[in-house]
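First the structure, in the form of C-alpha coordinates, and then the observations on it.
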Amino acid sequence: MGIVNVTPDSFSDGGQFDDLPRAVEHGLKLVADGADILDIGGESTRPGAQPVGEAEEIARTVPVIEALRRETAIPISIDTMKPGVARAAFTAGATIWNDVNALRAQGALETTAELGATVCLMHMKGEPRTMQDAPAYDDVAGEVEAFLLERAKAAMAAGIPGSRIWIDPGIGFGKTLQHNLELLRSIQALSAHGFPLLIGASRKRFIAAIDEGSQSDNRLGGSLAVALHAAASGAAILRVHDVRETVQALTVSAAIEGIEG
Ligand code: 8Y4
(Lines give C-alpha, C1' and ligand atoms only; values in the text may rest on other atoms or scores of the structure.)
Protein backbone atom coordinates (compact mmCIF):
# COMPACT_ATOMS: atom_id res chain seq x y z
CA MET A 1 0.00 0.00 0.00
CA GLY A 2 1.57 3.25 -1.19
CA ILE A 3 0.90 6.48 0.70
CA VAL A 4 -0.49 9.54 -1.08
CA ASN A 5 -0.88 12.46 1.32
CA VAL A 6 -3.01 15.36 0.14
CA THR A 7 -2.39 17.62 3.11
CA PRO A 8 -1.01 21.12 2.58
CA ASP A 9 2.10 20.21 4.61
CA SER A 10 2.86 17.25 2.33
CA PHE A 11 3.72 19.44 -0.67
CA SER A 12 5.85 22.54 -0.42
CA ASP A 13 3.30 25.03 -1.77
CA GLY A 14 0.89 24.73 1.16
CA GLY A 15 -2.37 23.74 -0.47
CA GLN A 16 -2.07 25.68 -3.70
CA PHE A 17 -3.71 24.88 -7.03
CA ASP A 18 -0.97 22.46 -8.12
CA ASP A 19 -1.48 20.01 -5.20
CA LEU A 20 -3.89 17.96 -7.34
CA PRO A 21 -1.60 17.15 -10.29
CA ARG A 22 1.30 16.54 -7.93
CA ALA A 23 -0.66 14.09 -5.80
CA VAL A 24 -1.94 12.26 -8.90
CA GLU A 25 1.57 12.12 -10.38
CA HIS A 26 2.89 10.78 -7.08
CA GLY A 27 0.18 8.09 -6.95
CA LEU A 28 0.95 6.98 -10.52
CA LYS A 29 4.65 6.79 -9.67
CA LEU A 30 3.85 4.52 -6.70
CA VAL A 31 1.82 2.27 -9.03
CA ALA A 32 4.75 2.11 -11.47
CA ASP A 33 6.99 1.32 -8.48
CA GLY A 34 4.87 -1.75 -7.68
CA ALA A 35 2.14 -0.63 -5.26
CA ASP A 36 -0.93 -2.89 -5.13
CA ILE A 37 -3.12 -0.33 -3.31
CA LEU A 38 -3.01 3.49 -3.04
CA ASP A 39 -3.97 5.07 0.30
CA ILE A 40 -5.26 8.65 -0.13
CA GLY A 41 -5.41 10.88 2.96
CA GLY A 42 -6.49 14.51 3.38
CA GLU A 43 -6.11 14.93 7.15
CA SER A 44 -2.77 14.62 8.92
CA THR A 45 -2.90 12.14 11.80
CA ARG A 46 0.64 12.87 12.91
CA PRO A 47 1.06 13.39 16.64
CA GLY A 48 -0.16 16.87 17.53
CA ALA A 49 -1.89 17.51 14.18
CA GLN A 50 -5.05 19.65 14.19
CA PRO A 51 -8.36 18.21 12.92
CA VAL A 52 -9.68 19.20 9.46
CA GLY A 53 -13.33 19.86 8.53
CA GLU A 54 -15.25 17.36 6.42
CA ALA A 55 -15.75 19.67 3.43
CA GLU A 56 -12.03 20.49 3.33
CA GLU A 57 -11.08 16.83 3.56
CA ILE A 58 -13.44 15.96 0.68
CA ALA A 59 -12.15 18.89 -1.41
CA ARG A 60 -8.58 17.62 -0.97
CA THR A 61 -9.12 13.91 -1.60
CA VAL A 62 -12.03 13.44 -4.03
CA PRO A 63 -10.42 15.09 -7.09
CA VAL A 64 -7.26 13.01 -6.51
CA ILE A 65 -9.30 9.78 -6.27
CA GLU A 66 -11.33 10.67 -9.38
CA ALA A 67 -8.18 11.35 -11.39
CA LEU A 68 -6.36 8.22 -10.17
CA ARG A 69 -9.50 6.15 -10.83
CA ARG A 70 -9.37 7.29 -14.49
CA GLU A 71 -5.68 6.44 -14.86
CA THR A 72 -5.19 3.22 -12.91
CA ALA A 73 -7.20 0.11 -12.05
CA ILE A 74 -5.59 -0.66 -8.67
CA PRO A 75 -7.68 -0.51 -5.48
CA ILE A 76 -7.82 2.89 -3.77
CA SER A 77 -8.26 3.30 -0.03
CA ILE A 78 -9.46 6.45 1.70
CA ASP A 79 -7.62 7.36 4.90
CA THR A 80 -10.25 9.16 6.96
CA MET A 81 -12.07 8.99 10.28
CA LYS A 82 -15.26 10.55 8.83
CA PRO A 83 -18.15 8.53 7.33
CA GLY A 84 -19.08 11.48 5.07
CA VAL A 85 -15.57 11.58 3.61
CA ALA A 86 -15.58 7.80 3.09
CA ARG A 87 -18.92 8.06 1.29
CA ALA A 88 -17.64 10.80 -1.05
CA ALA A 89 -14.42 8.88 -1.68
CA PHE A 90 -16.37 5.73 -2.60
CA THR A 91 -18.52 7.68 -5.04
CA ALA A 92 -15.22 8.86 -6.58
CA GLY A 93 -13.93 5.29 -6.90
CA ALA A 94 -12.38 4.18 -3.59
CA THR A 95 -13.27 0.67 -2.38
CA ILE A 96 -11.36 0.43 0.92
CA TRP A 97 -11.87 2.53 4.05
CA ASN A 98 -8.66 2.90 6.05
CA ASP A 99 -9.99 4.10 9.41
CA VAL A 100 -7.43 4.87 12.11
CA ASN A 101 -10.45 5.27 14.43
CA ALA A 102 -11.70 1.71 13.74
CA LEU A 103 -15.30 2.70 12.86
CA ARG A 104 -15.97 4.28 16.27
CA ALA A 105 -17.44 7.50 14.77
CA GLN A 106 -21.22 7.94 14.75
CA GLY A 107 -22.65 6.10 11.72
CA ALA A 108 -19.32 4.58 10.64
CA LEU A 109 -20.34 0.92 11.01
CA GLU A 110 -23.60 1.45 9.10
CA THR A 111 -21.85 3.43 6.35
CA THR A 112 -19.27 0.68 5.83
CA ALA A 113 -21.96 -2.01 5.61
CA GLU A 114 -24.03 0.08 3.21
CA LEU A 115 -21.06 0.86 0.94
CA GLY A 116 -19.96 -2.78 0.83
CA ALA A 117 -16.54 -1.49 1.84
CA THR A 118 -13.44 -3.36 2.79
CA VAL A 119 -12.24 -1.73 6.01
CA CYS A 120 -8.98 -1.50 7.89
CA LEU A 121 -9.64 -1.29 11.65
CA MET A 122 -6.67 0.33 13.37
CA HIS A 123 -5.89 0.61 17.05
CA MET A 124 -5.30 4.12 18.39
CA LYS A 125 -5.13 5.11 22.04
CA GLY A 126 -6.73 8.53 22.44
CA GLU A 127 -6.85 10.99 19.53
CA PRO A 128 -4.06 12.24 17.24
CA ARG A 129 -3.70 15.61 18.99
CA THR A 130 -2.84 14.08 22.38
CA MET A 131 -2.11 10.39 21.81
CA GLN A 132 1.64 10.66 22.46
CA ASP A 133 1.15 12.28 25.89
CA ALA A 134 2.47 9.48 28.15
CA PRO A 135 0.60 6.47 26.71
CA ALA A 136 0.40 3.56 29.21
CA TYR A 137 -0.73 -0.08 29.04
CA ASP A 138 -0.56 -3.07 31.40
CA ASP A 139 -0.13 -5.44 28.44
CA VAL A 140 0.06 -3.58 25.15
CA ALA A 141 -0.11 -6.61 22.83
CA GLY A 142 -3.04 -8.15 24.73
CA GLU A 143 -4.95 -4.87 24.95
CA VAL A 144 -4.47 -4.01 21.27
CA GLU A 145 -5.49 -7.52 20.23
CA ALA A 146 -8.63 -7.41 22.43
CA PHE A 147 -9.55 -3.99 21.03
CA LEU A 148 -9.16 -5.12 17.40
CA LEU A 149 -11.20 -8.29 17.96
CA GLU A 150 -13.92 -6.26 19.69
CA ARG A 151 -14.06 -3.83 16.73
CA ALA A 152 -14.10 -6.72 14.22
CA LYS A 153 -16.98 -8.27 16.16
CA ALA A 154 -18.88 -4.96 16.16
CA ALA A 155 -18.27 -4.65 12.41
CA MET A 156 -19.58 -8.15 11.71
CA ALA A 157 -22.63 -7.52 13.93
CA ALA A 158 -23.32 -4.45 11.76
CA GLY A 159 -23.39 -6.66 8.65
CA ILE A 160 -19.81 -6.23 7.40
CA PRO A 161 -18.53 -9.63 6.20
CA GLY A 162 -15.44 -10.90 8.04
CA SER A 163 -13.78 -11.34 4.64
CA ARG A 164 -13.81 -7.53 4.22
CA ILE A 165 -12.13 -6.73 7.54
CA TRP A 166 -8.42 -5.98 7.99
CA ILE A 167 -6.80 -5.22 11.34
CA ASP A 168 -3.81 -3.05 12.28
CA PRO A 169 -2.08 -2.48 15.66
CA GLY A 170 -1.48 1.21 14.79
CA ILE A 171 2.27 1.60 15.16
CA GLY A 172 2.97 5.05 16.68
CA PHE A 173 -0.65 5.84 17.60
CA GLY A 174 -0.50 6.33 21.38
CA LYS A 175 2.59 4.15 21.85
CA THR A 176 6.08 4.52 23.25
CA LEU A 177 9.09 2.93 21.55
CA GLN A 178 8.77 -0.11 23.83
CA HIS A 179 5.05 -0.45 22.99
CA ASN A 180 5.81 -0.31 19.26
CA LEU A 181 8.51 -2.97 19.61
CA GLU A 182 6.23 -5.26 21.60
CA LEU A 183 3.51 -4.88 18.95
CA LEU A 184 5.97 -5.67 16.17
CA ARG A 185 6.96 -8.81 18.12
CA SER A 186 3.26 -9.78 18.35
CA ILE A 187 2.51 -9.68 14.58
CA GLN A 188 2.47 -13.47 14.28
CA ALA A 189 -0.14 -13.82 17.04
CA LEU A 190 -2.19 -10.90 15.68
CA SER A 191 -2.24 -12.33 12.16
CA ALA A 192 -3.50 -15.72 13.41
CA HIS A 193 -7.14 -14.52 13.64
CA GLY A 194 -7.75 -14.79 9.90
CA PHE A 195 -8.09 -11.05 9.26
CA PRO A 196 -5.43 -9.66 6.91
CA LEU A 197 -2.98 -7.67 9.07
CA LEU A 198 -1.76 -4.24 7.97
CA ILE A 199 1.41 -2.67 9.35
CA GLY A 200 2.25 1.02 8.93
CA ALA A 201 5.68 1.88 10.25
CA SER A 202 7.19 3.70 7.27
CA ARG A 203 9.40 6.66 8.33
CA LYS A 204 7.73 6.82 11.73
CA ARG A 205 9.26 8.58 14.70
CA PHE A 206 10.01 5.42 16.70
CA ILE A 207 12.74 4.65 14.15
CA ALA A 208 14.46 7.86 15.24
CA ALA A 209 14.11 6.76 18.85
CA ILE A 210 16.24 3.72 17.94
CA ASP A 211 18.60 5.45 15.47
CA GLU A 212 18.86 8.58 17.53
CA GLY A 213 17.83 11.76 15.80
CA SER A 214 17.35 10.41 12.27
CA GLN A 215 15.04 12.80 10.39
CA SER A 216 11.93 11.60 8.51
CA ASP A 217 13.83 11.67 5.19
CA ASN A 218 16.51 9.37 6.64
CA ARG A 219 14.48 6.46 8.00
CA LEU A 220 14.43 4.16 4.97
CA GLY A 221 16.74 1.54 6.47
CA GLY A 222 14.63 1.25 9.59
CA SER A 223 11.42 1.22 7.55
CA LEU A 224 12.74 -1.67 5.42
CA ALA A 225 13.82 -3.60 8.54
CA VAL A 226 10.25 -3.35 9.86
CA ALA A 227 8.75 -4.28 6.47
CA LEU A 228 10.84 -7.47 6.20
CA HIS A 229 10.13 -8.45 9.79
CA ALA A 230 6.39 -7.78 9.38
CA ALA A 231 6.14 -9.74 6.12
CA ALA A 232 8.07 -12.68 7.58
CA SER A 233 5.73 -12.65 10.61
CA GLY A 234 2.57 -12.85 8.52
CA ALA A 235 1.54 -9.25 7.80
CA ALA A 236 -0.51 -9.09 4.58
CA ILE A 237 -0.32 -5.37 3.77
CA LEU A 238 2.49 -2.87 4.35
CA ARG A 239 1.63 0.84 4.27
CA VAL A 240 4.77 2.57 2.98
CA HIS A 241 6.15 5.74 1.40
CA ASP A 242 9.06 4.04 -0.40
CA VAL A 243 7.28 1.50 -2.58
CA ARG A 244 10.12 0.72 -5.00
CA GLU A 245 12.62 0.03 -2.21
CA THR A 246 10.14 -1.99 -0.17
CA VAL A 247 9.15 -4.18 -3.12
CA GLN A 248 12.84 -4.75 -3.86
CA ALA A 249 13.59 -5.75 -0.26
CA LEU A 250 10.61 -8.14 -0.18
CA THR A 251 11.49 -9.63 -3.58
CA VAL A 252 15.13 -10.25 -2.63
CA SER A 253 14.01 -11.73 0.68
CA ALA A 254 11.56 -14.04 -1.11
CA ALA A 255 14.25 -15.09 -3.61
CA ILE A 256 16.55 -16.08 -0.74
CA GLU A 257 13.73 -18.10 0.78
CA GLY A 258 13.30 -19.80 -2.59
CA ILE A 259 9.85 -18.38 -3.29
CA GLU A 260 9.20 -17.64 -6.98
CA GLY A 261 9.08 -13.90 -7.62
C1 8Y4 B 1 6.80 10.47 8.84
C2 8Y4 B 1 5.88 10.09 7.92
C3 8Y4 B 1 6.48 10.40 10.17
C4 8Y4 B 1 4.63 9.64 8.32
C5 8Y4 B 1 5.24 9.96 10.57
C6 8Y4 B 1 4.31 9.56 9.64
C7 8Y4 B 1 -1.12 4.44 9.70
C8 8Y4 B 1 -2.26 4.78 8.97
C9 8Y4 B 1 -1.04 6.56 9.31
C10 8Y4 B 1 -0.96 3.09 10.11
C11 8Y4 B 1 -3.04 2.62 9.00
C12 8Y4 B 1 2.16 8.40 9.49
C13 8Y4 B 1 -3.20 6.89 8.03
C14 8Y4 B 1 0.90 8.33 10.26
N15 8Y4 B 1 -0.37 5.57 9.89
N16 8Y4 B 1 -3.21 3.89 8.61
N17 8Y4 B 1 -2.21 6.12 8.74
N18 8Y4 B 1 -1.94 2.22 9.73
N19 8Y4 B 1 -3.95 1.70 8.68
N20 8Y4 B 1 3.08 9.17 10.11
O21 8Y4 B 1 0.00 2.70 10.79
O22 8Y4 B 1 2.30 7.84 8.44
S23 8Y4 B 1 -0.59 8.24 9.27
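The values are calculated or read from the model by the stated rules, or taken from the named source; none is laboratory data. Source: prediction; values computed, not measured. All Cβ positions, even for glycine, are placed from backbone atoms using ideal geometry, and neighbour counts span all protein chains on display. Only protein heavy atoms, including side chains, enter the accessible area calculation; ligands, DNA and RNA are left aside. Shrake-Rupley method; radii C 1.70, N 1.55, O 1.52, S 1.80 Å.
Under a 5 Å amide H cut-off, with hydrogens placed 1.01 Å from N, SER233 pairs with nothing among residues at least 5 apart or on other chains. For ASP168, the residues 5 or more places off, or on other chains, whose built amide H falls under 5 Å of its own are LEU121, HIS123, LEU198. Taking the protein heavy atoms of the chain in the context of the full set of protein chains, the accessible area attributed to carbon and sulfur is 51 percent at 1.4 Å.
For LYS153, the aspartates and glutamates whose Cα falls under 19 Å of its own Cα, not counting residues fewer than eight places away in the same chain, are ASP99, GLU110, GLU114, GLU143, GLU145, ASP168. Report ASP133's accessible area, 1.4 Å probe, all protein chains in place, as a number in Å² to the nearest 10. Probe radius 1.4 Å; accessible area of ASP133 about 110 Å².
Put simply, the C-alpha atoms of the stretch 52-173 give a gyration tensor, and the ellipsoid matching it has half-axes of 26, 17, 12 Å, longest first. Each residue of the stretch 20-33 was assigned a 3J(HN,Hα) from its phi angle through the Karplus expression (A = 6.51, B = -1.76, C = 1.60, θ = phi - 60°), giving 4, x, 5, 5, 5, 4, 5, x, 5, 5, 5, 5, 4, 6 Hz with x at Gly and Pro.
Percent of C-alpha pairs per 10 Å bin in the stretch 118-219, short distances first: 15, 44, 31, 9, 1.
In sequence order, the stretch 116-131 has phi-based couplings of x, 6, 7, 10, 9, 8, 10, 7, 9, 9, x, 10, x, 4, 10, 5 Hz under the Karplus curve 6.51 cos²θ - 1.76 cosθ + 1.60, θ = phi - 60°, and Gly or Pro positions carry x. Sequentially through the stretch 153-158, phi angles give Karplus couplings (6.51, -1.76, 1.60; θ = phi - 60°) of 5, 4, 5, 5, 5, 8 Hz, Gly and Pro residues having no value and appearing as x. Summary of packing: across the peptides 177-187, 74-84, the per-residue average of other C-beta atoms within 10 Å ranks them, highest first, as 74-84, 177-187. Summed over the residues of the chain and divided among them, the accessible surface reaches 46 Å² per residue at a probe radius of 1.4 Å. Applying 1/(1 + (r/R0)^6) with r as the Cβ-Cβ distance of ALA232 and GLU212 and R0 = 25 angstrom yields a FRET efficiency of 0.45. When the convex hull of its Cα atoms is viewed from all sides, the chain shows a mean projected area of 13.4 nm². Across the stretch 1-126, counting alpha-carbon atoms alone, Rg and Dmax equal 13.6, 38 Å.
Partners of LYS204 within straight-line reach, counting lysines whose Cα lies under 27 Å from its Cα and excluding those fewer than 8 residues away in the same chain: LYS29, LYS82, LYS125, LYS175.
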